[in-house]
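The values are calculated or read from the model by the stated rules, or taken from the named source; none is laboratory data. Only a predicted model underlies this, so the values are computations on that prediction, with no experimental measurement involved. When we count neighbours, we look across all protein chains shown, and the Cβ atoms used for this are built from the backbone with ideal geometry, even at glycine. Heavy atoms of the whole protein, side chains included, go into the accessibility calculation; ligands, DNA and RNA do not. Shrake-Rupley method; radii C 1.70, N 1.55, O 1.52, S 1.80 Å.
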Amino acid sequence: MSLFAGARLPVWQAYLIPMVLMAITDPILGAFYGVPAYSKYQLFIYGSFLISVWLGRRLRGTESVPKIASFALLNSMQFFVFSNFGSWLWYQTYPRTLTGLADCYVAAIPFFGWTIAGDLVYTGVLFGLHAWLSRTVAARERVTAAA
């Protein structure tokens with residue numbers, strides 16, 4: 001969503017909308033899962049979403065499937081790096097050593113495949129739906145200028 005927002009929304013909306021949606025949904029998910037709505041760890045998650053928007057800004061004006069897919073993969077990788085670093089730093093699961101950090105990343109590898117799959121599917125849906133709607137619905141609603 002943040003990648004798409006960066007690519008297709010005006011700059012202030014691209015950065016604001018993902019942050020507002022996260023701020024609204026985090027307390028809901030926190031209540032559902034019985035965890036705190038906000039923590040220092042989420043600074044890494046929110047920061048990663050801002051990086052996603054920044055990456056999306058590099059996709060403005062393109063409909064190149066290979067370029068969009070490449071950026072979706074890059075986005076998955078940066079989220080993996082930032083979110084797991086934040087997890088290692090703020091939670092007491094792993095020791096604060098390079099070995100502990102490596103263990104944290106290794107333990108997260110099984111989840112990384114799902115991150116990539118989800119990012120590619122949802123990126124394809126969002127960008128594909130936007131392209132299709134831009135060509136069909138928007139084309140029918142255009143008003144021709146009178147000469």
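Any residue at all in segment 93-109 that's under 26 Å from Ser39 (Cα atoms), in contact with a Pro (Cβ under 7 Å, 6 or more places away or on another chain) and outside any loop (DSSP other than H, G, I, E, B)? No, because not a single residue in segment 93-109 is under 26 Å from Ser39 (Cα atoms), in contact with a Pro (Cβ under 7 Å, 6 or more places away or on another chain) and outside any loop (DSSP other than H, G, I, E, B).
The residue of segment 125-136 that is farthest from Met1 (Cα to Cα), among those that are without any contact (Cβ under 8 Å) to a residue 40 or more places away in the chain and open to solvent by less than 50 Å² (accessible area, probe 1.4 Å), is Thr136.
Among the residues of segment 22-31, write down those that are without any contact (Cβ under 8 Å) to a residue 24 or more places away in the chain and either part of a loop (DSSP other than H, G, I, E, B) or not polar (S, T, N, Q) (or both). Matches in segment 22-31: Ala23, Ile24, Asp26, Pro27, Ile28, Leu29, Gly30, Ala31. Only residues that are more than 20 Å from Gly118 (Cα to Cα) and open to solvent by less than 50 Å² (accessible area, probe 1.4 Å) were counted across segment 1-12, and they come to 1.
Let me confirm something: among Gly100, Gly118, which residue is closer than 14 Å to Phe79 by Cβ and either open to solvent by less than 40 Å² (accessible area, probe 1.4 Å) or modelled with pLDDT under 95 (or both)?
Details: Gly100 fails: closer than 14 Å to Phe79 by Cβ.
Exactly one residue qualifies, and that residue is Gly118.
When restricted to residues that are assigned to a helix (DSSP H, G or I), open to solvent by 70 Å² or more (accessible area, probe 1.4 Å) and either over 19 Å from Trp132 (Cβ atoms) or aromatic (Phe, Trp, Tyr) (or both), segment 32-69 contains 4.
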